[in-house]
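The values are calculated or read from the model by the stated rules, or taken from the named source; none is laboratory data. Computed from a predicted model, the values in this text were never measured in an experiment. In this analysis, Cβ positions are derived from the backbone assuming ideal geometry, glycine residues included, and neighbour counts consider all displayed protein chains. Just the protein is used for accessible areas: all its heavy atoms, side chains included, with ligands, DNA and RNA removed. Shrake-Rupley method; radii C 1.70, N 1.55, O 1.52, S 1.80 Å.
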Amino acid sequence: MTPSNIELLITILGAMGIISLSLVALKIFVGAWVKRKEIAGGGDTSQLLEAIEALRSDQDDLRAQLGGEITDLHERLDFAERLLTKGQYDPKHEAER
């Protein structure tokens, strides 16, 4: 495997990570914006407190999901690096599988 192929692989994996993080962040911001628009029409304090608690719960869920995705991407990158440094990756061999 040539150095340019290694750089391409690392670039692709990095781009996948950045895209995943961007999509999760977008989901958080859009969800918060929609919730804010839903409760902006008025309501009493109890509705606002319920909405805040729901947002906190969503934030915790997304934070846990994001941590799992980052861990998965990190493991995949480590695996690819190990294959590349050991010289065990052979595209011809992989195509035969």
Exercise for the section: Among the candidates ALA25, ALA51, single out the residue that is modelled with pLDDT of 80 or more, assigned to a helix (DSSP H, G or I) and in contact with a helix residue (DSSP H, G or I) (Cβ under 7 Å, 6 or more places away or on another chain). Expected result: ALA51
Fill in the blank from the handout: Scanning region 54-88 residue by residue, those under 13 Å from GLY17 (Cα atoms) and either of a type in the set (Val, Ile, Thr) or modelled with pLDDT under 80 (or both) turn out to be ILE70, THR71
Fill in the blank from the handout: In region 53-84, anything over 18 Å from the mean Cα position of the chain (by Cα), open to solvent by 70 Å² or more (accessible area, probe 1.4 Å) and over 25 Å from ILE12 (Cβ atoms) is listed as GLU53, ARG56
